[in-house]
Amino acid sequence: MSVEAARAAEILMQLSHPARLRAYAELVRAGNDGATLFELSIHLDLPKAEVGELCGRLVGAGLATGTGNGTFRAKGDVLREAAQALDRAQPVGSLLADYPQLKSYFAHGRLSSLPPTMSERYQQIGELFARFLAVDGVLTEDEVNRRLAVVADDVAAVRRMLVETGWLERDRAGTSYGSGRVLPQPA
């Protein structure tokens, strides 16, 4: 796991605590004005000491800032950065950097939909998956499925798309797969 992904996991772990999540949500709602411990204790219906501990943890995790006068503010970009770090840590993330036009077909490193079959994007996503599979020799259907399952739920549809676009060839029995064509060199 990368340092960025570990940091994102830590942020999400801090927000998995229900009271901390409520405190963070209240700070986000307060916007740039922020909120004092007193205001937060009223909104959260918690003792001021407990709210202080919650805010201290949020500040420690980098999710909020605190001032000397007791006003706390949420750092909203932290969650966006954490989500982006987790997306980059996904196995297909580095390949998507070379295919920015295909990002809309993925959500958090997983294929969410395939483009229309007759489109140029269908061919491009086939090339992306061919690069992801990195077929060298012959693979069984199970091996192809296991590799694709890392980034796609419907492995049969992706496998079929790879065969239709010519990136994979299968034997007559449909049990073995090999590379259908040579991948172009990355630009």
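Please tell me if Ser2 is modelled with pLDDT under 90, open to solvent by 30 Å² or more (accessible area, probe 1.4 Å), within 30 Å of Gly93 (Cα to Cα) and hydroxyl-bearing (Ser, Thr, Tyr).
For Ser2, the condition - modelled with pLDDT under 90, open to solvent by 30 Å² or more (accessible area, probe 1.4 Å), within 30 Å of Gly93 (Cα to Cα) and hydroxyl-bearing (Ser, Thr, Tyr) - is met.
Output the number of residues of the range 22-38 satisfying the condition of being within 19 Å of Ala49 (Cβ to Cβ) and either open to solvent by 80 Å² or more (accessible area, probe 1.4 Å) or within 21 Å of the chain's Cα centre (by Cα) (or both).
Summing the residues that are within 19 Å of Ala49 (Cβ to Cβ) and either open to solvent by 80 Å² or more (accessible area, probe 1.4 Å) or within 21 Å of the chain's Cα centre (by Cα) (or both) in the range 22-38 gives 2.
Can you name the residue in the range 80-101 that is touching a residue at least 40 places away in the same chain (Cβ under 8 Å) and open to solvent by less than 60 Å² (accessible area, probe 1.4 Å) and, of all such residues, is farthest from Gly62 (Cα to Cα)?
Checked the range 80-101; the qualifying residue farthest from Gly62 (Cα to Cα) is Val92.
So Glu50 ticks every box in (1) among the acidic types (Asp, Glu); (2) closer than 30 Å to Val155 by Cα; (3) assigned to a helix (DSSP H, G or I) but one. Which box is left unticked?
(2)
Tally the residues that are under 16 Å from Glu4 (Cα atoms) and open to solvent by less than 20 Å² (accessible area, probe 1.4 Å), restricting the search to the range 55-77. Please lay out each step first, then the result.
Taking the range 55-77 first, the residues under 16 Å from Glu4 (Cα atoms) are 61-63, 77.
Now drop any that are not open to solvent by less than 20 Å² (accessible area, probe 1.4 Å), which leaves 61-63.
Of the residues in the range 55-77, 3 are under 16 Å from Glu4 (Cα atoms) and open to solvent by less than 20 Å² (accessible area, probe 1.4 Å).
Over 30 Å from Leu133 (Cα atoms) and in contact (Cβ under 8 Å) with a residue 12 or more places away in the chain: does that describe Ala64?
The answer is yes for Ala64.
Check Asp87, Asp136 and return the single one that is within 15 Å of the chain's Cα centre (by Cα), closer than 30 Å to Asp154 by Cβ and acidic (Asp, Glu).
Exactly one residue qualifies, and that residue is Asp87.
Within the range 39-54, take every residue that is open to solvent by 30 Å² or more (accessible area, probe 1.4 Å) and without any contact (Cβ under 8 Å) to a residue 24 or more places away in the chain and give me the one that is nearest to Ala9 (Cα to Cα).
The initial filter retains those residues of the range 39-54 that are open to solvent by 30 Å² or more (accessible area, probe 1.4 Å), namely 39, 42-43, 45-50, 53.
Within this subset, residues satisfying the condition of being without any contact (Cβ under 8 Å) to a residue 24 or more places away in the chain are 39, 42-43, 45, 47-49, 53.
Values: Glu39: 29, Ile42: 30, His43: 28, Asp45: 28, Pro47: 28, Lys48: 28, Ala49: 27, Glu53: 21 Å.
My answer is Glu53.
Matching residues to (1) buried (at least 20 other Cβ atoms within 10 Å of the Cβ); (2) polar (S, T, N, Q); (3) part of a helix (DSSP H, G or I):
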| residue | (1), (2), (3) |
| --- | --- |
| Gly126 | yes, no, yes |
| Arg131 | no, no, yes |
| Asp136 | no, no, no |
| Asp142 | no, no, yes |
| Arg146 | no, no, yes |
| Arg159 | yes, no, yes |
| Tyr177 | yes, no, no |
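The values are calculated or read from the model by the stated rules, or taken from the named source; none is laboratory data. Fair warning: this is a prediction, and the values are worked out from it, not measured in the lab. Cβ atoms come from the backbone with ideal geometry, glycine included; neighbour counts cover every protein chain shown. Surface areas here come from the heavy atoms of the whole protein model, side chains and all, with no ligands, DNA or RNA. Shrake-Rupley method; radii C 1.70, N 1.55, O 1.52, S 1.80 Å.
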